Amino acid sequence: MAQQVQEMIYLDKLEDEKEIARTYRIYSTLLPCDGKVKATLYINAENEEDLRKVFKTLKGIYNSIYLKIGGKLIHGEPEGGREQGDEFSTVQYLTFDVGESSGEMEIVVDHPNYKVSVKLPEDLAKKLVEEAKEPCQKYKL
């Protein structure tokens, strides 16, 4: 993810040190660190009708997503402020406090209208836990 932030700075042609620092501060909350894995939930809607169906059937889905690591179920904490009555953002940032957990990793969605689980490849699970163990960095300028 750190490389993605660097790529955004490069593609946006940011040169001003304050703008670069601002961009890092904004996106650093999405970087795994201090025992936390970060994830982005994206709900695809093909058109306005599909979006209305999503709003009707998947309300509260943010609170239905977990990481299962070595048999331990870890709830994904959604970023606040994205629920708005009967509508919600189709992009949500989730934080999973994995602490010292390790082992096989699975994404679990347990919503009344949508249930699925997907096992992550072993190398990806290992990398996520390694990155989560890094201390959070503070970006200043």
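What FRET efficiency, computed as 1/(1 + (r/R0)^6) with R0 = 41 Å and r the Cβ-Cβ distance, is obtained for Q6 and E46, rounded to the nearest 0.05?
E(calc), rounded to 0.05, equals 0.80.
What residues have an amide H closer than 5 Å to that of G76, excluding those fewer than 5 places away on the same chain, when H is modeled at 1.01 Å from N in the peptide plane?
I65, Y66, L67
In the stretch 4-58, what trypsin sites (Lys or Arg not before Pro) fall in a loop by DSSP, with at most 16 other Cβ atoms inside 10 Å?
Here the trypsin sites (Lys or Arg not before Pro) that fit, given the DSSP loop and packing criteria, are K13.
Please work out the ratio of the alpha-carbon Rg of the chain to 2.2 N^0.38 Å and round it to two decimals.
1.18
Which Cα, out of L94, M105, V118, lies furthest along the positive dipole direction of the stretch 84-123 (beta carbon charges, K/R +1, D/E -1)?
The residue sitting most towards the positive pole is V118.
Counting helices only, and only those DSSP H runs with n ≥ 4, report the 222 nm mean residue ellipticity of the chain as the sum of -39,500 (n - 2.57) divided by its residues, in deg cm²/dmol to the nearest 500.
-9000 deg cm²/dmol, from helical runs alone.
For a test of the definition: using alpha carbon positions, the gyration tensor, and the 1.5 limit on a/c, classify the stretch 1-65 as rounded, prolate or oblate.
oblate
Anything over 25 Å Cα to Cα? Flag those among K59/K127; K18/K127; K13/K36; K53/K127; K68/K133, in the order listed.
In this structure, K59/K127; K18/K127; K13/K36; K53/K127 lie more than 25 Å apart at Cα.
As a footprinting exposure proxy, order L58, L51 by other Cβ within 10 Å, with the fewest listed first.
Result, fewest neighbours first: L51, L58.
Each value in this text was obtained by applying a stated rule to the coordinates, not by laboratory testing. This is a predicted model, so every value here is computed, not measured. Here the Cβ is made from the backbone with ideal geometry for all residues, glycine too, and neighbour counts use every protein chain on show.
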